[in-house]
Amino acid sequence: MRQQMRRTAIATLVALVFANSSSGSGNGHATASSTPTAEVTAAPIQNKTSSGATVVPNPPANSVNVTVDVFSDRHAISPYVYGGSYPKDAPTITDSGLTVVRWGGNATSRYNWKTFTNNAAADWYFEDFGYTEIGDGDSIKYIQDVKAAGSNPLMTMVMLPWVAKTSGWSFSVAKYGPQCGADPYNSDAGDGVLPDCQTDITGNDPTDANVELKDSPQNGDPPGTVYRDQWSPALAAAFGSAPHFYNMDNEIDIWGGTHRDVHPNPSAYEEMRDTYFAEANALKGWDANAIRFGPVSCCWWFYWNGANNNDKGVHAGVDFLPWWLNEVYWQDQLAGIRSVDVFDIHAYPDGPDTSHYTQAQKQALSLRIYRDYWDPKYVSESPAINQQWATFIQPKKRIPFRIPRLRALANMIYPGTLLSFTEWSAAFAGESDFSTALADADAYGILGRERMYLASRWEAPDPANPNYQALKLFRNYDGQHHTFATTSVSATNDGNPNLFSSYAALDSTGTTLTVMVINKNPQASVQTQFTVNGFTPKQVTTYTLSPKSPNKIVASSQKVWASTRKFAPYTVSLLVVSGSMSATPSADWDLNPDTVMVPARGTTTLQPKIVSGSGTVTLGTPQSDSGITLIVTQPNLTSSQDGSITVTAGSAPGFYHFAVPSTDNSGVAQTQSGWIVVGNPPATFTKTGDHQKGAPGSQLNLSVTLNAGKSGGSPVGGTVLFTTDSGTLSSRLVITDSSGNAPVVLTLPPNSGTTHVTAEGQFGLGHPVAKFTETAQ
């Protein structure tokens, strides 16, 4: 009930943004009626799999070819992609094999660690309640119990300045007058909306339901105030040797809706940057092992716009997520620290309005919707994505391509920053419907294959529902805690992605291959022909989840491997295949990065590296889609020497796949592939003050003027980073004025010589660069 209200509140916020925007401007938004229908957008069938293999469009529904190649796209699957929030209890954590359990969501944004209470905010009449997850109200005990159950806790560090009292509510009917609605179980707890059901009540007293939360004690703090610097060390001690995972609050971009009783205004760009930077770095001081996830953004529209309708226009038109990550990166560079460890968002695959859908249509939607995560051909069925106004900078904006797109952004802006989804699900037909089990299995496979670092389903599967067994197929398929293997390998197929999926992984010994096959067709069996490269299958045991036995995984007897197999309608099957590899690589390598964003006609450099083994690797000639070129400039990889590949983008924005072959010193051939996301042409700088001369110690005026060009941005409010190799600058970060100018004063060094100054523009605008050469003489 609360979660349903929560998602409704988010939809309402998006609708308000749309309503307050004027079409035809940078802050406008197309209406749902202006987008293609679901029938149109659901139709496209991919021409390539995520690994780039060409497939046959529209093959017969009852015949699919699957090719597993253990030497193609090998990479470790993060153990943390099998997470969830609010599992039923601790035994459920152990049995299901959840690897992460998240203490998160709206409730945790107002959690009081002293009283074990939270405020439900807009989810339920802004009332205080006793908080609990797996029966624990005490956050310290919760961490201990999750660890004891065999999983890893993910905590939420509160960044709002208010947390719940022991009891209370924010909009008393007696105090603030009649309201649009009230809690049916507490008639004095109103919804904070006037009886016209349109106008929010403002000016309420936050202390009605809350006490202050501060970093540390100060003189004059009111009674009941609680402190982060006391809570964090207690959390750190409870984490112990487990990863110290922290969400830096929850969906801060929509605080102005969800938590409007204590945060009545929309979250602004600067607020989201500055609040994060202050609290993330303070947390690191209290817990040196903290792994910080941010900005924990809500949803697609807010990825690119934030909630303050005018913000993007006064920040050079730069989309929120790239703006935020760029700002954090540059602040970190100046401070000599890292303040974000994991780039975290919430990723409910967006769908159309299903109020008029039949149950069968909802089921079919669930089974194709995770193409949102990976498919470069999947045009979104959601008017929140499939419209003109959400972004003017991102390429192919009607195609989500969510995981590669966001990984490309992170790798471009802040190298080494991992990606996580700490909320996801798409149970359009209901949590208990069997389609949700098939869809969840698809999602787990995608999250591992697409190199996500961590993922946490909202909510963790309930043991009463079939999707609980879908999780167990990956984490405890035989009741003995055997799992889907840990090294992802290529498992391409020529099936319709709306109806068929395949994933594969190899164990650490190279003697067990696990293959997950999902037949999403509700009517037809699928005759499947397997081709396995680099591994000789010998015997197989099949573990199947089907509508005939929706709450139990059914195991077959062990059989001799056969390359042709039939999969019954509406089933997910795990093949546990024993055998041997044809050869053992002397080293495994990675593209470093495998996915990155580049402006049109721009260049970037990949630095392939050895990730395991002691052998050497020689890179071959890359192959790529037309529209990018790759040239290997250093083909030899050793444990102490990385390779080098220069990538040059063409003029057309889009998604471009590439593959790089290799041979190691033992003669084993491997291939790694990835994506280049090509953006708009970059903005440019016009520089003033280059090649000046002055006396040592004198001052010179320099400036750049930002020219947005076809970048999709604008010249006003852009951030420019200045650096110098000698002398000093009046400022390192300068914001462009109404004319696009960013001035800085250089004080020359005290001795004669040449000084070089570099001006860098934002990555969201294509990262324009200008260089100055000045002389002290």
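The values are calculated or read from the model by the stated rules, or taken from the named source; none is laboratory data. Fair warning: this is a prediction, and the values are worked out from it, not measured in the lab. Cβ coordinates were reconstructed from backbone atoms using ideal geometry, including for glycine residues, and neighbour counts include every protein chain displayed. With ligands, DNA and RNA removed, areas are computed over all heavy atoms of the protein, side chains included. Shrake-Rupley method; radii C 1.70, N 1.55, O 1.52, S 1.80 Å.
May I ask you to compute the full-extension gain from ALA669 to THR646, defined as 0.36 nm times their residue separation minus their alpha-carbon distance, rounded to one decimal in nm?
On the way: separation 23, 0.36 × 23 = 8.28 nm, distance 2.16 nm.
Fully extending the segment from ALA669 to THR646 adds 6.1 nm.
Within the accessible area of region 438-591, what % is carbon and sulfur when the probe is 1.4 Å and the other protein chains stay in place?
Values: 2430 of 5180 Å².
Ligands and nucleic acids excluded, carbon and sulfur give 47 percent.
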| field | Fraction of beta bridges assigned by DSSP in the chain that are antiparallel (%, nearest 5) | value | 70 percent
| task | Could you please state how large a percent of the accessible area of region 266-348 is carbon and sulfur, counting protein chains only and using a 1.4 Å probe? | result | 52 percent
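Could you tell me the relative contact order of region 652-709? Use alpha-carbon pairs under 8 Å, at least six residues apart, and round to a whole percent.
Details: 74 pairs, mean separation 17.8, N = 58.
Relative contact order here is 31 percent.
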| Size of region 264-386 along its principal axes in angstrom, Cα-based, largest extent first? | 54, 35, 32
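With the convex hull built on the Cα atoms of region 177-219, state its orientation-averaged projected area in nm².
Details: hull surface 18.4 nm².
Taking the Cα atoms of region 177-219, their convex hull projects to 4.6 nm² on average.
Rounded to the nearest 0.05, what FRET efficiency do ALA335 and THR509 have when you use their Cβ-Cβ distance and R0 = 56 Å?
So, using R0 = 56 Å, E works out to roughly 0.80.
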| So how far, in whole Å, is the C-alpha centre of region 542-584 from the one of region 479-529? | 9 Å
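Rolling a 1.4 angstrom probe over the protein heavy atoms, how many square angstrom per residue are accessible across the chain? Intermediate values should be presented prior to the final figure.
Details: 27700 Å² over 777 residues.
I get 36 Å² per residue for the chain.
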| Once the Cα atoms of region 663-777 are picked out, what are the Rg and Dmax in Å? | 19.2, 62
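Express in nm, to one decimal, how much length is gained between HIS756 and THR775 on full extension, taking 0.36 nm for each residue of separation and deducting their alpha carbon distance. Spell out each step's value before the answer.
Details: separation 19, 0.36 × 19 = 6.84 nm, distance 0.88 nm.
Residue separation times 0.36 nm, minus the Cα-Cα distance, leaves 6.0 nm.
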| query | GLN699 versus ASP229, label points 7 Å from Cα toward the beta carbon: distance in nm? | reply | 3.7 nm
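Using a Förster distance of 56 Å, how high is the FRET efficiency between PHE129 and SER578, based on the Cβ-Cβ distance and rounded to 0.05? Could you put the intermediate results ahead of the total?
On the way: r = 51 Å, r/R0 = 0.92.
Result of the calculation: an efficiency of 0.65.
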| said: If you count only protein heavy atoms and use a 1.4 Å probe, how large is the accessible surface of ASP341, to the nearest 10 Å²? | reply: 30 Å²
| task | Roll a 1.4 Å probe over the protein heavy atoms and report the accessible area of GLU279 in Å², nearest 10. | result | 20 Å²
| task | Would you mind pulling out the separation of the Cα centroids of region 720-777 and region 629-660, in Å? | result | 30 Å
| note | For LYS609 and ALA278, extending 7 Å from Cα along the Cα-Cβ vector and measuring point to point gives, in nm, a value of 3.5 nm
| request: Using all C-alpha to C-alpha distances in region 107-261, build P(r) with 10 Å bins and read off the rounded percent in each one. | output: 11, 37, 32, 15, 4, 0
| note | Beyond 22 Å (Cα-Cα) in this structure, taken from LYS396/LYS710; LYS88/LYS214; LYS362/LYS397; LYS88/LYS472; LYS284/LYS609; LYS88/LYS284, we find LYS88/LYS214; LYS362/LYS397; LYS284/LYS609; LYS88/LYS284
| How much of the accessible area of region 694-777, probe 1.4 Å, is carbon plus sulfur, in whole percent? | 52 percent
| query | Sorted by accessible area (1.4 Å probe), largest first, how do HIS482, HIS691 line up? | reply | HIS691, HIS482
| remark: Computed, not fitted: 222 nm per-residue ellipticity of the chain from DSSP H runs ≥ 4 (each -39500 (n - 2.57)), nearest 500, equal to -5500 deg cm²/dmol
| Rounded to the nearest 10 Å², the accessible area of ARG228 at probe 1.4 Å | 10 Å²
| request: Return the lysines within reach of LYS771: Cα separation strictly under 19 angstrom, same-chain partners fewer than 8 residues apart disregarded; answer none if there are no such residues. | output: LYS687, LYS693
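By how many nm would the segment from THR166 to ASN65 grow when fully extended, if each residue of separation counts as 0.36 nm and the alpha-carbon distance is taken off? Before the final figure, lay out each step's value.
On the way: separation 101, 0.36 × 101 = 36.36 nm, distance 5.99 nm.
Result: 30.4 nm gained on full extension.
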| said: Please compute the modelled spin-label separation between ILE631 and ILE735, points set 7 Å along Cα→Cβ, answer in nm with one decimal. | reply: 4.2 nm
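Averaging sequence separations of C-alpha pairs under 8 Å and six or more residues apart, then dividing by the length of region 512-645, give the relative contact order as a whole percent.
Across region 512-645, relative contact order equals 23 percent.
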| Given the C-alpha centroids of region 180-208 and region 425-469, what is the distance between them in whole angstrom? | 36 Å
| query | For region 344-438, what is the relative contact order in percent, using Cα pairs closer than 8 Å and at least 6 residues apart in sequence? | reply | 39 percent
| What residues of region 96-137 lie in the reach of a label at ASN551, counting those whose backbone N is under 17 Å from a point 7 Å from the Cα along Cα→Cβ? | 96
